[in-house]
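Reviewing the structure listed below.
The values are calculated or read from the model by the stated rules, or taken from the named source; none is laboratory data. Here the structure is a predicted model, which means the values were calculated and not measured. A quick note on method: Cβ atoms are made from the backbone with ideal geometry, for glycine too, and the neighbour counts reach across all protein chains shown.
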Amino acid sequence: MTCAPGARMGAAGEGNPAAAVRVLVVDDSPVDRKVVELLLRNHKGGAAPFHVTAVDSGKKAMELLGPKGQGKLGSSDTDANEPTVDIVLTDYCMPEMTGYDLLRAIKALSSPNPIPVVVMSSENEPQRISSRCLTAGAEDFILKPLKSKDVQRLRNCSNSAKPKDADEAECKSLSGRRTMPSDQIAKKATSEQRSQIARLAMVLNASSTELSHYFQFLFKFILVAYAVLCLGELLHRWSSGSFLSLWSS
């Protein structure tokens, strides 16, 4: 069961300084939606609780966030320009409207406070999907199934975690990270590749040393076995007299 839409928790006048993080979960799988809801609601790692609204398609999400809904989810006590969704968590692979399509549609909304979008997926090509979504404006990319350690990442990406006067600086910071110069990306990739090659070389060196000892032992064993067989053959011929006849001839 999802929370009643639009409730703003944690008003300062009620003595609770931490407002709820309002999450719109979009996933066509009822099992995955329930897993995410339970994980968010039961998470105890932050001061603010999670207020979860779940829908099963990108179309329904846009009905809440689009021109008619404007992200209002039924709230009447919020500012007219302030959406009542702090973050959207969407699956990548969905019928009709994919998570990528939903991401682009949300980013295309004309809003003074853009709604952060985090994409999750269990596809076999996470790097390609992650790069595509981050380029389109996603705040983060998470592999399914969602884990407890991922919940704090959602909290950090949400609008409720950002002070009003720090939104612009945060956006610039995120933009700077996404638009890292190609030479820096190349240097970082080269450094990581060198580290991986060094670790691989250490493993291969250790493996080659072990193989060298193994082959030396195997070679000695074969020599000893061959010597024993030859000695046995000589003793057999000696005992049967064939060795003497061969020698006399």
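Scan the range 51-92 for residues that are at pLDDT 90 or above and either in a strand (DSSP E or B) or farther than 29 Å from residue 132 by Cα (or both) and jot them down.
Result: 51, 52, 53, 54, 55, 87, 88, 89, 90, 91.
Give the range 118-129 a look and list any residue that's at pLDDT 85 or above and of a type in the set (D, E, K, R), or say none.
Passing the criteria: only 128.
Please go through (1) surrounded by fewer than 10 Cβ atoms within 10 Å (Cβ to Cβ); (2) outside any helix (DSSP H, G or I); (3) at pLDDT 80 or above for residue 115 and return the number of the only condition it doesn't satisfy.
(1)
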